[in-house]
Amino acid sequence: MNDGPAERVRRLAALRGCDRVLSGVRPVSMAEHLDAVRAALAPDSLPDVYGEGGPVEALELRVAELLGTQAAAFFPTGTMAQQVALRYGAELTGRTTVGLHPLGHLMLHERDAYALLGGLRAVRTTTAPGNPTAEEVAELAEPVGTLLLELPLRDAGFVLPTWDELVAVVGAAREAGARVHLDGARLWESTPHLGQPLATVAGLADSTYVSFYKSLGGVSGAALAGDARLVRYARDWRHRYGGTLFQQWPAAAAALVGLDRELPRLPGYVAHAAAVATALAGLPGARVYPTPPHTHQFRLWLPHPADRLNAANLALAEEEKAWFVGGWRDTEVPGLAMAEVTVAAPALDLDATQVADLGGRFLRRLAAT
């Protein structure tokens, strides 16, 4: 997919102008972000200073309450937060090995930061396209200081274990002397599938990272939550990594808005994703995975080249003000492309019949390209 600056701006403008959106959300302007933050702040609210006070402190307290942990520390990025969590595990256990999934975010998207900056070494937990089983953790070739579990595992299709499977995996890690860290960038929307509240899920682990922009609509930022000792350590290493900025109130305030507005809506998105996935599976040549989706996101395949699918979606958006699914990319199978579908607030306005109708219009637009 051509993702140059001009093409990206064109796509965002097209999506913003759509009356109907199946996958994703309409881009929010900077002014709209500021308006939402301004509406949520008291007129005399003062900013944080190097992470102390203001919305940053309020956000840390809110996250700790939601996750049932003793404390939480705000970080500018999840990459930094997770490096600190793994470093802590290595120092506490004396093991520089970490159990990572080969499809996990740290292995695919962080340019080996855990190894190059943290001096850590990965032990691959499984070759299966899903989180490891308790048996696989028990049979790791060497002991690990921290077992990292990504919930959901995005690059396997936003897949989650069952609650019983997750409990068993954590138990196996504990028996092996490992700490457990949750890569919970999308943990907010995982509770319906797991059937447990956030605090119960986070309570299984020694530390949990959550993101504020992936599902909550924030500007940026993350939090690392755990016991007070971990968070004291995290604050020191956040400073060493350059993550203690003079003021971070815009990102923190936007995160608080997301917790207020989007977090309560996520179970509805997850429920509607099942109906959307069923409707999309009925399109000619389509496949969806997982079925039903484990969260409000899932994968969709169509038997066409990615460039044609992206062109058809853009044409549909610009000419008919309707957004189907974007971000198509070719797979290892020639002529078969895959995209990630995100069912959010705009998709709630589309029932199964309307989803199928929009899919048909998209395929007709595809045939004309």
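Would you mention how many residues in the stretch 127-144 are hydrophobic (A, V, I, L, M, F, W, C), assigned to a loop (DSSP other than H, G, I, E, B) and either open to solvent by 60 Å² or more (accessible area, probe 1.4 Å) or within 25 Å of F298 (Cβ to Cβ) (or both)?
Within the stretch 127-144, the subset hydrophobic (A, V, I, L, M, F, W, C) is 128, 134, 137-138, 140-141, 144.
Filter again for assigned to a loop (DSSP other than H, G, I, E, B), leaving 128, 140-141, 144.
Checking which are either open to solvent by 60 Å² or more (accessible area, probe 1.4 Å) or within 25 Å of F298 (Cβ to Cβ) (or both) leaves us with 128, 141.
Qualifying residue count for the region: 2.
Residues are listed down the side, and each one gets a yes or a no for (1) more than 30 Å from D351 (Cα to Cα); (2) touching a helix residue (DSSP H, G or I) at 6+ places or on another chain (Cβ under 7 Å):
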{"residue": "R8", "(1), (2)": "no, no"}
{"residue": "L15", "(1), (2)": "no, yes"}
{"residue": "R20", "(1), (2)": "no, yes"}
{"residue": "R26", "(1), (2)": "no, yes"}
{"residue": "Y50", "(1), (2)": "yes, no"}
{"residue": "G54", "(1), (2)": "yes, yes"}
{"residue": "G89", "(1), (2)": "yes, no"}
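So that you can scan it fast, the table gives a plain yes or no per residue for (1) surrounded by 21 or more Cβ atoms within 10 Å (Cβ to Cβ); (2) in contact with a Ser or Thr (Cβ under 9 Å, 6 or more places away or on another chain):
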| residue | (1), (2) |
| --- | --- |
| D155 | no, no |
| A178 | yes, yes |
| H181 | yes, yes |
| G184 | yes, yes |
| P192 | no, yes |
Index of the failed condition, A42 passing every other in (1) part of a helix (DSSP H, G or I); (2) open to solvent by 20 Å² or more (accessible area, probe 1.4 Å); (3) within 17 Å of A252 (Cβ to Cβ): (1)
Residue ID - most open to solvent (accessible area, probe 1.4 Å), chosen from residues in the stretch 289-303 that are part of a loop (DSSP other than H, G, I, E, B) and in contact with a Pro (Cβ under 7 Å, 6 or more places away or on another chain): H294
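Listed residues V63, V25, V56; which is at pLDDT 95 or above, out of contact with any Lys or Arg (no Cβ under 8 Å at 6 or more places or on another chain), surrounded by 14 or more Cβ atoms within 10 Å (Cβ to Cβ) and in a loop (DSSP other than H, G, I, E, B)?
Working: V63 fails: in a loop (DSSP other than H, G, I, E, B); V56 fails: in a loop (DSSP other than H, G, I, E, B).
Within the list V63, V25, V56, the selection yields V25.
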Residue selected from the stretch 213-230 under the condition under 16 Å from D48 (Cβ atoms) and in contact (Cβ under 8 Å) with a residue 60 or more places away in the chain, by the criterion most open to solvent (accessible area, probe 1.4 Å): V219
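Let's see how each residue does on (1) within 17 Å of P27 (Cβ to Cβ); (2) open to solvent by less than 10 Å² (accessible area, probe 1.4 Å); (3) out of contact with any strand residue (DSSP E or B) (no Cβ under 9 Å at 6 or more places or on another chain):
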| residue | (1), (2), (3) |
| --- | --- |
| N313 | yes, yes, no |
| E318 | yes, no, yes |
| G327 | yes, no, no |
| T331 | no, no, no |
| T342 | yes, no, no |
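Residues in the stretch 103-123 that are of a type outside the set (D, E), closer than 20 Å to E91 by Cα and not in a helix (DSSP H, G or I): how many? Break it down into steps so the answer makes sense when it comes.
Of the residues in the stretch 103-123, the ones of a type outside the set (D, E) are 103-109, 111, 113-123.
When the remaining residues are screened for being closer than 20 Å to E91 by Cα, the result is 106, 113-123.
Applying the additional criterion that residues be not in a helix (DSSP H, G or I) yields 117-123.
Qualifying residue count, the stretch 103-123: 7.
Which ones in the stretch 73-102 are assigned to a loop (DSSP other than H, G, I, E, B), over 30 Å from G54 (Cα atoms) and among the β-branched types (V, I, T)? Reasoning before the result, please.
If we filter the stretch 73-102 for residues that are assigned to a loop (DSSP other than H, G, I, E, B), which is where we start, we get 76-77, 94-96, 101-102.
Retained after the next criterion (residues that are over 30 Å from G54 (Cα atoms)): 94-96, 101-102.
Passing the criteria: only T96.
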Residue among V257, V276, V210, V201 that is touching a residue at least 40 places away in the same chain (Cβ under 8 Å), in contact with a Phe, Trp or Tyr (Cβ under 9 Å, 6 or more places away or on another chain) and over 27 Å from R87 (Cβ atoms): V276
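Mind checking whether some residue in the stretch 270-288 is at pLDDT 95 or above, under 23 Å from L194 (Cα atoms), open to solvent by less than 10 Å² (accessible area, probe 1.4 Å) and touching a helix residue (DSSP H, G or I) at 6+ places or on another chain (Cβ under 6 Å)? Steps first, please.
Within the stretch 270-288, the first condition is being at pLDDT 95 or above, and the residues that meet it are 270-288.
Restricting the remaining residues to those that are under 23 Å from L194 (Cα atoms) gives 270-278, 288.
Within this subset, residues satisfying the condition of being open to solvent by less than 10 Å² (accessible area, probe 1.4 Å) are 273, 276-277.
Add one more test, that the residue is touching a helix residue (DSSP H, G or I) at 6+ places or on another chain (Cβ under 6 Å), and what stays is 276.
Within the stretch 270-288 (the criterion being at pLDDT 95 or above, under 23 Å from L194 (Cα atoms), open to solvent by less than 10 Å² (accessible area, probe 1.4 Å) and touching a helix residue (DSSP H, G or I) at 6+ places or on another chain (Cβ under 6 Å)), the answer is yes, since at least one residue qualifies.
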Scope the stretch 157-172; condition closer than 28 Å to L266 by Cβ, open to solvent by less than 20 Å² (accessible area, probe 1.4 Å) and part of a helix (DSSP H, G or I); matching residues: L166, V169, V170
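The values are calculated or read from the model by the stated rules, or taken from the named source; none is laboratory data. Not measured: the values here are computed from a predicted model. Ideal geometry is used to build each Cβ from the backbone, glycine not excepted, and the neighbour counts take in all protein chains shown. What goes into the accessible areas is simple: the full protein's heavy atoms, side chains included, and nothing from ligands, DNA or RNA. Shrake-Rupley method; radii C 1.70, N 1.55, O 1.52, S 1.80 Å.
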